[in-house]
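The values are calculated or read from the model by the stated rules, or taken from the named source; none is laboratory data. Every value quoted in this text rests on a predicted model; they were computed, and no experiment measured them. Glycine gets a Cβ as well: all are built from the backbone with ideal geometry, and neighbour counts include every protein chain shown.
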Amino acid sequence: MKKSFILRWTFFIGSVIVLPFIFEHILSISVESLLQTGFFIMLSVSLVLLVGFAGQISLGHAAFFGVGAYTAAIVATKLGLSPLLSIPVGTMVGALIGLFVGYPVLKLKSFYLSLATLVIGIAVYEFFKAADPLTGGEIGIYDLPNIRLGNLEIASPLARYYTVWTCALFIIFLCDRLSHSPFGQRLRAIHSDEQAAECVGIDVFKTKLKIFIFSVTIAAFAGALFAHCSYGSIEPGEFSVTLSIKVITMVVVGGMYSVYGAVTGAVIIGLLPEIIRNLGSFAAMDLTQITHIQDALFGVILVIFIIFSPEGILSQRKERTDVTGKKCLLSIRGIESP
Amino acid sequence: MVILDILIHGVGWASIYAVIAIGFSLIFSASRIINLAQGEFVMLGGLFGFTLYSLKIPLFFIPPLSGLLVAIVGITMDKLALSPASGASPTSLIIITIAISIILKSIAALVWGPTSFRIPGFFENRTFMISTGIIINPQYLFIMVICAASILSLTLFLKKTKLGRSLRACSMDPVGARIVGISPEKMRTLSFATGGALAGLIGALIAPIFYASSECGLNLGLKGFCAAVLGGMGSMPGAIAGGFIIGLAEAMGASVASSYKDVIAPVLMIVVLYFRPEGIVGGRS
């Protein structure tokens, strides 16, 4: 366990360091195309805790990403605060909205929850588009300041890449620890059987609310970082339902039941289009056309995975040791004895 | 006088939302699937309508023909994606229908491009004034009539014909329906065909006032879906009531702050969902 943990993290950190050089020199793709994948990782890892572990679906994750981004951007441009302050503000506003939204919504069961989150996602997106004086309407907000640490300004693509991916690594670590903590066990218990979880003394609603707020806060943080550390501008289209569905696709493709599965899914869904786009035959095509083809492919991949492999690539149907050190099977419905 | 204007446009849109909501409800009651691609069906109806129009098909035949074409799309979707996934959790099925809506939207954007298309109305350039300042497009009245007619004929189909009764039996109890020789799978396909036909019809009908484009599906689907949830998923009177509440609330909201028009329906739906998850009319939980 300990050894595999060290090995895994050496691999992670090593590949994060090496990846931009592979992309720039071997595949000759700009480092900027890697930025997006970093944000995808944060989003999918935060969502897998909610969907895979607690069994509570959210189809509106992009909304919280957007809330974080817009809050940070508005605070930075309208009030002139430095990004080092506006990012925490964006994260906190996201968490607060998560509390207000989560409290009523998490009382809903089964598909009503997915519908409510979906509709909230759409409502927030429409709000970004409509609230012109605040959010800049369809155009969005541009000329966002870069992060500045003392005299050091994080401006070059490579610096931004390392900032984003360091944050992503930190969030992976956090979520991984959380999923192995007693709290993570409680989440799995809720996923397996809410009534049974209630019977052994877990406050189901409170636990659900906690994980919802945690997940949403990470999404809002990712959004705030996105505002200051990506392309210097944000527009409502980036936070539409399509993004929520993309994140769901990552979680489904990578594996619903593990943090590393979500990372795998995010890397596949994030990097494949960039690599494909730079292959010769596609380069001649119109950019919007490529986007439409990509979207259609996401849809097809999602349908295929749900039908044929609902557990994802890194399915966890394998032997593991449980808390007592006994061998057990970790499956869709939580922990079963072999 | 503004009130009259709001009322006529409000009722026009209300009947449109009601028909879209009925599509949702019909598919849900027959198959327990919430088909979030319904808005894309409406969008396809409008775009098929435009293609038929450019093929010089008489205006009168365009809505029924688009309905037929979209019904075929609905059947294909059911056969290709939903029947292999039968038995998956409700949430997985919802995600599948969203994935299909994305696929349909992207394909439509590839085929028809980003432009908006308009089909001329049946009573082109014959707008009339009731009094000064109030101009009414007769297409709205026409849409109301057709919506009422299609709701009526659907009710007759469900109540009077053998096929319609089997569909309702299946929505009450799939196992019981199977025992008396009705195939729930066939009924699911039938519900997708009917839902698709309704959506295609309405899509072609609103193209003269709404401009069909590959982007318009999400919004229309959302309103119809909110109407269906508001009234109570799976209930036809509920869908009609929900459509009217949303249509009128939106028309009133638009006269106050038009840019926030599209936020009204989701907010209304969430409020109702919180206090009465089974909807205003729906009694079954």
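Points worth noting:
- Across the range B:100-123, the qualifying residues are those that are at the interface with chain A (Cβ under 8 Å from one of its Cβ atoms) and β-branched (Val, Ile, Thr), and the one among them that is nearest to A:ILE245 (Cα to Cα) is B:ILE102.
- Among the criteria (1) surrounded by 13 or more Cβ atoms within 10 Å (Cβ to Cβ); (2) modelled with pLDDT under 80, the one B:VAL70 does not fulfil is (2).
- Hey, A:GLY121 in contact with a His (Cβ under 8 Å, 6 or more places away or on another chain), within 14 Å of chain B (Cβ to nearest Cβ) and modelled with pLDDT of 85 or more or not: yes
- Where helices (runs of 4 or more DSSP H) fall wholly inside the range B:160-246, the ranges with 3 or more residues that are under 12 Å from the mean Cα position of the chain (by Cα) and within 25 Å of B:LYS79 (Cα to Cα) are B:184-210, B:217-231.
- Criterion violated by B:LEU26 - all others in (1) surrounded by fewer than 24 Cβ atoms within 10 Å (Cβ to Cβ); (2) more than 10 Å from chain A (Cβ to nearest Cβ); (3) under 22 Å from B:THR155 (Cβ atoms); (4) not small (Gly, Ala, Ser) satisfied: (1)
- Residues in the range A:294-326 that are surrounded by fewer than 19 Cβ atoms within 10 Å (Cβ to Cβ) and at pLDDT 50 or above: A:GLN294, A:LEU297, A:VAL300, A:ILE301, A:ILE304, A:ILE307, A:PHE308, A:SER309, A:PRO310, A:GLU311, A:ILE313.
- Only listed residue being within 14 Å of chain A (Cβ to nearest Cβ) and free of Cβ contacts under 8 Å to residues at least 12 places away in the same chain, chosen from B:THR76, B:THR97: B:THR76
- Yes/no for B:LEU59 being away from chain A (no Cβ under 14 Å), under 27 Å from B:THR115 (Cα atoms) and modelled with pLDDT under 90: yes
- Residues of the range A:127-146 classified as assigned to a loop (DSSP other than H, G, I, E, B) and either within 23 Å of the chain's Cα centre (by Cα) or more than 10 Å from chain B (Cβ to nearest Cβ) (or both), total: 9
- Residue under evaluation B:PHE41, criteria (1) part of a helix (DSSP H, G or I); (2) within 10 Å of chain A (Cβ to nearest Cβ), criterion not met: (2)
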